[in-house]
1. Run the numbers on the stretch 22-91 and let me know its relative contact order in percent, using alpha-carbon pairs under 8 Å that are six or more apart.
2. Assuming 0.36 nm per residue, please report the length gained on full extension of the stretch E193 to D67 beyond their Cα-Cα distance.
3. Among the aspartates and glutamates, which have Cα under 14 Å from the Cα of K7 when same-chain residues fewer than 8 positions away are ignored?
4. If you take the beta carbon distance between D30 and S149 as r and set R0 to 45 Å, what does 1/(1 + (r/R0)^6) give as a FRET efficiency, to the nearest 0.05?
5. Please name whichever of N68, W17, L112 sits farthest to the positive end of the charge dipole of the chain, dipole taken about the Cα centre and charges placed at Cβ: Lys and Arg +1, Asp and Glu -1.
6. What is the ratio of the Cα radius of gyration of the stretch 155-225 to 2.2 N^0.38 Å, where N is its residue count, to two decimals?
7. Using only Cα positions of the stretch 1-103, each an equal point scatterer, no hydration layer, compute I(q)/I(0) via Debye at q = 0.13, 0.15, 0.18 Å⁻¹ and quote the log10 values to two decimals.
8. Charges at C-beta only: +1 for Lys and Arg, -1 for Asp and Glu. How large is the resulting dipole of the stretch 3-47 about its Cα centre, in Debye rounded to 20?
Amino acid sequence: MRGRDIKKWRYKWAGLWLIGTFPALNLNIDDYPSLKKYLKSFGERLNQDGKPGHRKKTNNKWFETQDNIAYYPEFEKEKIVWNRITEEIVFSYVYANYYVLDSTFMITGKNLKFLIAILNSNVIGYWIKLSAATLGEGNYGAKIYIENSPIPPITLQNQPIVQQIENLVDRILSLTQDSNYDTDQQKQAQVKEIEKQIDQLVYKLYNLTEEEIKIIEGGENACAK
């Protein structure tokens, strides 16, 4: 998955595949003759001598990646993905077994549907724009601000609201993963309506006043002030 494939809530896989020869997999390249032939076609570029245009010196096998990516199983889990640098910070719910390039960040773990609802909400969108420094041409560097985002904890008291939010996220994911979503104005309108419902529930989690909600919904003008 590339940065350009990441949309709000969803993603558009371009049919690209990754050859993962991580040392942690303990692969025998002779078990994959087609792959071995393909990799051999790169010739001297696979040399592990540290010369210009070649790979760095390691003890890994010639066909393996040069870094021991023992954490590769994290990529094979469901995850939240967003772009490292972007004009508009949006978060995508990516299902299992998709890998992402280093132009993106990702989160794995529990309560992902609740978390993506918060991250895609008006509240966090406003907070990021208010707090984040741009990197030129209106681009945001979207790592440290995500790590420090004020995410409300899930408690026994707010569990009913959390459940409502997760149910709404399920509806959005069902709508946005449709292959015709980009041209289906009815589905797009449905998603916008569901997003409004999520925002109202998120406001409750933060115990925001009507005045605070007005400021947040004021958008960029409010942020500029």
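1. 29
2. Extra length from E193 to D67 when fully extended: 40.8 nm.
3. Result set, ordered by chain and number: E87, E88, D178, D182.
4. So the FRET efficiency works out to roughly 0.40.
5. About the Cα centre, the residue reaching furthest to the positive side is N68.
6. The stretch 155-225 yields a ratio of 1.33.
7. Log10 of I(q)/I(0), two decimals: -0.62, -0.78, -0.98.
8. 460
The values are calculated or read from the model by the stated rules, or taken from the named source; none is laboratory data. Keep in mind it's a predicted model, so treat the numbers as computed, not measured. Positions of Cβ are backbone-derived with ideal geometry, glycine not excepted, and every protein chain shown enters the neighbour counts. Side chains are part of the model used for accessible areas, which takes the heavy atoms of the whole protein and leaves out ligands, DNA and RNA. Shrake-Rupley method; radii C 1.70, N 1.55, O 1.52, S 1.80 Å.
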